[in-house]
1. Looking at ILE6 and the list (1) under 23 Å from GLY65 (Cα atoms); (2) modelled with pLDDT of 90 or more; (3) open to solvent by 50 Å² or more (accessible area, probe 1.4 Å), which single condition is not satisfied?
2. Anything in the range 17-37 that is of a type in the set (A, V, I, L, M, F, W, C) and either closer than 10 Å to TYR5 by Cβ or touching a Pro at 6+ places or on another chain (Cβ under 9 Å) (or both)? List them, or say none.
3. Scan the range 30-69 for residues that are surrounded by 13 or more Cβ atoms within 10 Å (Cβ to Cβ), at pLDDT 70 or above and not hydroxyl-bearing (Ser, Thr, Tyr) and jot them down.
4. Against the definition (outside any strand (DSSP E or B) and at pLDDT below 85), how does GLU19 come out, yes or no?
5. From the set of residues in the range 17-29 that are under 13 Å from ILE41 (Cβ atoms) and more than 13 Å from the chain's Cα centre (by Cα), which is most open to solvent (accessible area, probe 1.4 Å)?
6. Cβ-Cβ below 9 Å, separation at least six or inter-chain, first residue in the range 11-28 and in contact (Cβ under 8 Å) with a residue 12 or more places away in the chain, second part of a helix (DSSP H, G or I) and open to solvent by 60 Å² or more (accessible area, probe 1.4 Å): which pairs?
Amino acid sequence: MSCVYIKTYGCQMNEYDSEVIAGILQEEGYELTSELKKADIVLVNTCLLYTSDAADELDGVDLGGRRII
């Protein structure tokens, strides 16, 4: 089973969107994880105001060969 790590930046709408996405992914058989290194998929949900915060936090993080898109 593939694991998904979801990191959310921003407002309550972003939090809500992440919950919806998590529910859809779970229905499709994905498992959620709170540990970045266990994740097969890393989803960063952000908006224009928080994009630089997300980039700063992920800068230098070993993503195990995964790409940020």
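The values are calculated or read from the model by the stated rules, or taken from the named source; none is laboratory data. All values reported here derive from a predicted model rather than from experimental measurement. In this analysis, Cβ positions are derived from the backbone assuming ideal geometry, glycine residues included, and neighbour counts consider all displayed protein chains. With ligands, DNA and RNA removed, areas are computed over all heavy atoms of the protein, side chains included. Shrake-Rupley method; radii C 1.70, N 1.55, O 1.52, S 1.80 Å.
1. Condition not satisfied by ILE6: (3).
2. As a first pass, look at the range 17-37 and keep what is of a type in the set (A, V, I, L, M, F, W, C): 20-22, 24-25, 32, 36.
Passing the criteria: LEU32, LEU36.
3. Selection gives GLU31, LEU32, LEU36, ALA39, ASP40, ILE41, VAL42, LEU43, VAL44, ASN45, CYS47.
4. On the way: outside any strand (DSSP E or B): yes; at pLDDT below 85: no.
No: the conditions fail for GLU19.
5. Within the range 17-29, the match that is most open to solvent (accessible area, probe 1.4 Å) is GLU28.
6. Within 9 Å, the pairs are CYS11/LEU49; CYS11/TYR50; ASN14/TYR50.
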